[in-house]
Amino acid sequence: MMQTNMTVLRTISPQTARRLAVTKQHLARERPAPTPEGIYRVVSDIGCLQLDPLSTVSRSHTLVVFSRVGPYNIADIDNLIYRDRKLFEYWAHAASIVLTLDYPIHHLHMREYARTCDPWHVRIAQWIRENKSLRDRILREIKRNGPISSRALTEGGIAPKSWVSSGWTNDRNVSRMLDFLWMQGKIMVARRQGLNKFWDLSERVLPEWTPRDKWSEQEIVRRAAEKSLQALGVGTEHHIASHYISGRYPQLRERLAELEQAGKIERVRVGGKQEQYKGEFFVHTADLPLVEKLERGEFEGRTVLLSPFDNLVRDRVRNLQFWNFDYKIEIYTPQAKRKYGYYVLPILRNDRLIGRIDPRMDRATGVLNINAVYAEPDAPQDLKTARAVRDAIQELGEFLGAAKINYSARVPDGWSRALR
């Protein structure tokens, strides 16, 4: 535990904690505009957009933006990344879209990747050394012909020491080398055609105005911790460490103590008469006026659908603590053992997670199929709630360009009138 002083800690209610998280994630009533500027504001404030290849509904990063700004032109995200270069693809808590202005935060990971004593990094470094000729040839090809499609890069007659794994990466030597060069910051994704990446040298992808400061590890952890906490709204040391650049917060407790000493963050208690959240929580001092506003009851929420990889719900333990919402992605669960479905979207209503839907977009027919709608045990069953859920699904259909929405019979009884 961090050493405390005699100052009486501010106590906020669990409801305020939830509402603060929702507001800081741009999921409250007031939305950013569905414009490039609004999209950029969203990414700037929440830190990153996780990339995932599945498009059962739409790719995850596009859904995360949709949940915050409403229907928008997906080309605006691509332009921010591949034309304006205000964003770029890199590893945050997972493969993600991150801010170019945050390049110094990510640059430490690039500098240190495959250079630590961690067994995984030792294995990667050894494999790269053993396949130096493949590495050098790929870099030459990219330098000469980039941006070049990953599909156009082959082993070129070189007999590398194959990458061995028990998963899909086994023997995929070119793709593994590209991934490692990307993690080291040598190359970046310059553009895409669907899921096909076109690689180029990082110095040719990053704009001239990219900040190139080489911050110390301590400075990076301080800045990343601030960014993580402000995106969370309120969080414990564990919550902060699991968010944004998850797993890259060495000596976080010491850095949080420095931030607290500098007056940038403040410890708070989260609790009320009936609920008490365990753990030592922090709030950024810049958000204290918002905390006080929320404590006065000044909050307007909305009803919105969330990607399975949405920043608000990606921490499954926090979901249980804040929302009593047990959420697991069942993509890799055998169909017969799935409880809810393949690609299930949580339903956020105001400051509560009240249910989930199992959707699939049939692009050939233009039909958005809602295979099932589930309500949490404590979800309101009134007509107003049902209509709000229906409207959220209709807005998703508008975003996807669906000509029709088909509901199955699997809907909650209290919501069936509106959803059928």
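The listed residues are ARG253, ARG248, and the only one of them that is within 23 Å of the chain's Cα centre (by Cα) and either more than 26 Å from MET188 (Cβ to Cβ) or in contact (Cβ under 8 Å) with a residue 60 or more places away in the chain (or both) turns out to be ARG248.
Checking PRO71, PRO32 one by one, the residue that is in contact (Cβ under 8 Å) with a residue 24 or more places away in the chain, in a loop (DSSP other than H, G, I, E, B), surrounded by fewer than 16 Cβ atoms within 10 Å (Cβ to Cβ) and not charged (D, E, K, R) is PRO71 and no other.
Condition (residue is crowded, with 17+ Cβ neighbours inside 10 Å, at pLDDT 90 or above, polar (S, T, N, Q) and farther than 16 Å from PHE88 by Cα) applied to the range 128-146: is it met by at least one residue? Yes, there is a match, as at least one residue in the range 128-146 is crowded, with 17+ Cβ neighbours inside 10 Å, at pLDDT 90 or above, polar (S, T, N, Q) and farther than 16 Å from PHE88 by Cα. Considering SER150, SER242, SER175, the condition of being touching a His at 6+ places or on another chain (Cβ under 9 Å) and among the polar types (S, T, N, Q) is satisfied by SER242 alone.
Quick check on THR23: is it more than 19 Å from the chain's Cα centre (by Cα), crowded, with 18+ Cβ neighbours inside 10 Å and part of a helix (DSSP H, G or I)?
Values: more than 19 Å from the chain's Cα centre (by Cα): no; crowded, with 18+ Cβ neighbours inside 10 Å: yes; part of a helix (DSSP H, G or I): yes.
So THR23 does not fit the description; no.
Collect the residues in the range 105-121 that are part of a helix (DSSP H, G or I) and within 14 Å of GLN184 (Cα to Cα), keeping them in residue-number order.
Within the range 105-121, ILE105, HIS106, HIS107, LEU108, HIS109, MET110, ARG111, GLU112, HIS121 qualify.
When the residues of the range 35-53 are filtered to those that are in a loop (DSSP other than H, G, I, E, B) and not polar (S, T, N, Q), which remaining residue is nearest to GLY233 (Cα to Cα)? Selected residue: GLY47.
Quick one: ILE46 ticks every box in (1) open to solvent by 10 Å² or more (accessible area, probe 1.4 Å); (2) within 14 Å of the chain's Cα centre (by Cα) except a single one, so which number is it? Condition (1) is where ILE46 drops out. Taking only the range 363-401 into account, find how many residues are out of contact with any strand residue (DSSP E or B) (no Cβ under 6 Å at 6 or more places or on another chain) and open to solvent by 30 Å² or more (accessible area, probe 1.4 Å). Residues meeting the conditions: 17.
The values are calculated or read from the model by the stated rules, or taken from the named source; none is laboratory data. Values in this document were obtained by computation on a predicted structure and should not be read as measured data. Glycine gets a Cβ as well: all are built from the backbone with ideal geometry, and neighbour counts include every protein chain shown. Side chains included, ligands, DNA and RNA excluded: accessible areas come from the protein's heavy atoms. Shrake-Rupley method; radii C 1.70, N 1.55, O 1.52, S 1.80 Å.
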